[in-house]
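S.K.: One structure follows; several queries about it will come next.
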Amino acid sequence: MKCINTQQNIMPYINRTLSDAQMFSFLEHIECCEVCRDELETYYMFYMGYNRLETFEEPESYDLKGRLKKELRQMRKYSRTSMVLSTVKNIFSGMAATVCVMLLADYILGKI
């Protein structure tokens, strides 16, 4: 993912509206691009800080930088797991379709 795409996905990331594939690409880019990571941190701290002021949460919950780091670790783990499960699902779907075609072909050829 390019920086421009990553930066356009910062608010969708914060609002949890990215698809699993978008999330995976976003997190991969954030992990290796300091500029985009800093941009995410700025948006996250502003957005979450403002929301916390609105809800009058306790001061110890204001470690937004630490919270973002923890959240990114959790989201990377979730994203990688989700991509693996999606790949496994696609493999099994392909295998099931192949078996169905083979059974159908065997049935049709057996009738001839």
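S.K.: Conditions first: (1) under 27 Å from Asp20 (Cβ atoms); (2) modelled with pLDDT of 90 or more. Val101 passes all but one, so which condition is the exception?
M.R.: (1)
S.K.: Now, a different point. Kindly check whether there is at least one residue in the stretch 4-20 that is in a helix (DSSP H, G or I) and surrounded by fewer than 10 Cβ atoms within 10 Å (Cβ to Cβ).
M.R.: Yes, that holds for at least one residue.
S.K.: Another one. Is there a residue in the stretch 21-28 that is among the small types (Gly, Ala, Ser) and either in a helix (DSSP H, G or I) or surrounded by 15 or more Cβ atoms within 10 Å (Cβ to Cβ) (or both)?
M.R.: Yes: one or more hits.
S.K.: Follow-up. Just to verify a result, which residue in the stretch 30-41, among those that are surrounded by fewer than 19 Cβ atoms within 10 Å (Cβ to Cβ) and not aliphatic (A, V, I, L, M), is nearest to Val84 (Cα to Cα)?
M.R.: This residue is Glu31.
Rundown of residues vs (1) of a type in the set (Asp, Glu); (2) modelled with pLDDT under 90; (3) within 19 Å of the chain's Cα centre (by Cα); (4) within 30 Å of Ser86 (Cα to Cα), yes/no style:
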residue: Lys2; (1), (2), (3), (4): no, no, yes, yes
residue: Pro12; (1), (2), (3), (4): no, no, yes, yes
residue: Glu54; (1), (2), (3), (4): yes, yes, no, no
residue: Ser61; (1), (2), (3), (4): no, yes, no, no
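The values are calculated or read from the model by the stated rules, or taken from the named source; none is laboratory data. It should be emphasised that the depicted structure is a prediction, and the values quoted were computed from it without experimental measurement. As a convention, Cβ positions derive from the backbone with ideal geometry for all residues, glycine included, and neighbour counts pool all protein chains shown.
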